[in-house]
Every structure is written in structure tokens, then in C-alpha cells.
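Student: Submitted below is the structure of interest, expressed as C-alpha cells.
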Amino acid sequence: MHNQWIVKPNAEEVATAACEWLVESVQEALRERGKCSIALSGGSTPRRLFQLIAENELHCVDWSRVTLLWGDERNVPHDHPDSNYRMVREAWLDRAIATNEPRCIPRVCPVDIQVTAPDRAAFDYEQVICRELDFTLSSDDPDALPVLDIVLLGLGDDAHTASLFPETEAVTVADRLFVANYVPKFAAHRMTMTALLINAARQVAFLVCGASKTAAVDLVLHGPKQPLKYPAQLIQPRRGQLWWFLDTAAMPSR
Ligand code: 6PG
């Protein structure tokens, strides 16, 4: 399938467009399959999207049939300022929980962080992903994978996505769904879904804003195919649809 492009003048309008798309995609999944799974991205860009859901969309969807997973997470406790889970709680979930209406509250499955045992935590989260997606490995179809309905992704100015950072081990992993990835530039582990799992999803959406990302977007789209250097190039859904939500500042000129 060809990429779908949504380009807006500014980050606020990108978040608004992405929110409309996300709600429509969730409603479609609920109509077709009675449930929906979303892998959330971290960092700062998606915060406004999550705030818009909390402000405008809590009653537009039966969120109790929606499972939230994390596409990546920092190797820190959930109450740490860097926690992607904490960002989603503050931007969205606390307001949903405050409604005290089960229909407004998604099923939330954060990574159970074990700071001193990241590999263990990653292995455990793989089991969570398989459980939540009703997936069991079967010998008769060794290529089968759990299928997420929606994956949200950001893009770093170094062309990383999720926590698939340039020249790191997780970029080349082809037999895992979720791993602990040591990132030298942080001298720390990050927890991340692999490209294998992301590419099995039905819908994958990059949300990218700001002039600092233009060069990375250009490299991912038009640069030499070198996914170890530009990991976001790995994101090519096998059967799903890839969306790019960009503001004009992040849009390459060519
Ligand atoms: C994270 C992310 C990461 C993020 C990009 C963009 O945990 O940081 O998942 O991949 O999406 O680094 O981050 P910004 O949105 O803050 O620019």
C-alpha cells in the first residue's frame, strides 16, 4: 500500500488531524473485530494528541474495549519524569479515570519496568503483548505474528523511531517482538517493540513536527537505504497502511 500523507500548518493541527484519524480507526476496529489494540508512542509530540482525546473524545468510543500498549518505554519507574507511561497518564488517562465511567477508560498495559533487569522486563512484556492480542506461537505457521490494530510512532532527528536507535542491536533483531535495547548515547537501556512486530500492524502512523525533524524525514524517505543508520526506514507494514502526519516545518522540500 502507498503511504498516506496528512500535512498541516502546525503541530496543533497535526494533533487534531491525528486525533480524528485515531478515533475513526478505533471505531472501525470495534465495528469489525469488537476490540482494538493501540501501541502508543512516547516523547513529546504525541502528548497533545493524548490531551485532545481526554478533552474531546472520552465519550465518542467505548474505550473499555480498547487496549493500550507501549511501543517503547524508558527504563525508569512509572512515576519518573521520563516515563512514557507517566506522560500518557498525565495527558489522558487521569482524566478518563476521573469520569468514573467504565466506558471512558481503556484497558491499560504499561511495561512492567524492572530497572535492573531490562531483558526480563522485555521478555515479560512480549507475553503481555501476545496475551492482549490473543496470540500463541504455533508450529504450523512459524511466520505468524500478533497483529496490533494501530501503532503510533515518533521520529527522532537521528531517524530513530520507537527506541530503535541508529547502530543499536534492536535494529537488526528479527526474531523478537519486544526487547531491551542498550543505547550508548544515553548509557542506558530503552524498551522497544521491534520492526517485526510494528510491521505486522494494521495501521502505523508517524507523527512528526518541527524543523528539527525535516532532515530525518528526508533521509528516511529519500536517503540511501541504510536502516542501521536510519532505523525508521525499517517501518514498512507488511499488509497494513502507513500514515505520515506532519507539519509543514517537518516536511522535506523535495
Ligand atoms: C521516546 C519515543 C521516541 C520519540 C522520538 C521523538 O520514548 O522518546 O518513543 O521514539 O517518538 O524520540 O520524540 P519527540 O516527539 O519528543 O520529538
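Student: Please tell me if Leu152 is closer than 22 Å to Leu22 by Cα, within 10 Å of the ligand (Cβ to nearest atom) and in a strand (DSSP E or B).
Tutor: Spelling it out, Leu152 is indeed closer than 22 Å to Leu22 by Cα, within 10 Å of the ligand (Cβ to nearest atom) and in a strand (DSSP E or B).
Student: Now, a different point. Give me the residue from the stretch 215-228 that is of a type outside the set (Gly, Ala, Ser) and under 20 Å from the mean Cα position of the chain (by Cα) and, out of that set, farthest from Asp158 (Cα to Cα).
Tutor: Leu221
Student: Just wondering, is there one or more residues in the stretch 8-25 that are under 22 Å from Gln241 (Cα atoms) and polar (S, T, N, Q)?
Tutor: Scanning the stretch 8-25 turns up at least one residue that is under 22 Å from Gln241 (Cα atoms) and polar (S, T, N, Q).
Student: List, please: which pairs have Cβ atoms under 6 Å, are six or more places apart or on different chains, and start with a residue in the stretch 113-137 that is free of Cβ contacts under 8 Å to residues at least 60 places away in the same chain and end with one that is surrounded by 15 or more Cβ atoms within 10 Å (Cβ to Cβ) and among the hydrophobic types (A, V, I, L, M, F, W, C)?
Tutor: Once the first residue is free of Cβ contacts under 8 Å to residues at least 60 places away in the same chain and sits in the stretch 113-137, its partners that are surrounded by 15 or more Cβ atoms within 10 Å (Cβ to Cβ) and among the hydrophobic types (A, V, I, L, M, F, W, C) give Gln114/Ala121; Glu126/Leu177; Glu126/Phe178; Val128/Cys109.
Student: Still on this structure, I have one more. Identify all residues within the stretch 201-210 that are more than 12 Å from the chain's Cα centre (by Cα) and surrounded by 24 or more Cβ atoms within 10 Å (Cβ to Cβ); write none if there are none.
Tutor: Residues satisfying the conditions are Val208, Cys209.
Student: Hey, any hits in the stretch 235-247 for a residue that's free of Cβ contacts under 8 Å to residues at least 60 places away in the same chain and either among the polar types (S, T, N, Q) or under 13 Å from Asn3 (Cβ atoms) (or both)?
Tutor: The answer is yes; a qualifying residue exists.
Student: Now for a separate question. Take Leu40 and tell me if it is in contact with a Pro (Cβ under 9 Å, 6 or more places away or on another chain), within 30 Å of Asp158 (Cβ to Cβ), within 14 Å of the ligand (Cβ to nearest atom) and of a type outside the set (D, E, K, R).
Tutor: Taking the combined requirement at face value, the residue satisfies it.
Student: Test Val173 against the criterion of being without any contact (Cβ under 8 Å) to a residue 24 or more places away in the chain, in contact with a helix residue (DSSP H, G or I) (Cβ under 9 Å, 6 or more places away or on another chain), surrounded by 15 or more Cβ atoms within 10 Å (Cβ to Cβ) and not hydroxyl-bearing (Ser, Thr, Tyr), and give yes or no.
Tutor: yes
Student: Please determine whether any residue of the stretch 64-77 is away from the ligand (no atom under 16 Å from the Cβ) and without any contact (Cβ under 8 Å) to a residue 24 or more places away in the chain.
Tutor: No.
Student: Next question. If you scan the stretch 87-103, which residues turn out to be crowded, with 18+ Cβ neighbours inside 10 Å and either without any contact (Cβ under 8 Å) to a residue 12 or more places away in the chain or acidic (Asp, Glu) (or both)?
Tutor: Result: Arg89, single match.
Student: For the stretch 8-20, does any single residue satisfy the condition of being surrounded by fewer than 19 Cβ atoms within 10 Å (Cβ to Cβ), part of a helix (DSSP H, G or I) and among the basic types (Lys, Arg)?
Tutor: No.
Student: Just the residues that are surrounded by fewer than 19 Cβ atoms within 10 Å (Cβ to Cβ) and among the hydrophobic types (A, V, I, L, M, F, W, C), please, taken from the stretch 59-75. Steps first, please.
Tutor: Quick first cut of the stretch 59-75, residues surrounded by fewer than 19 Cβ atoms within 10 Å (Cβ to Cβ) only: 59-60, 62, 64-65.
Within the stretch 59-75, Cys60 is the sole residue that qualifies.
Values in this text are rule-based calculations from the coordinates and carry no lab data. Computed from a prediction, not measured in an experiment: that's the story for all the values here. Every residue, glycine as well, gets a Cβ built from its backbone with ideal geometry; the counts of neighbours run over all protein chains shown.
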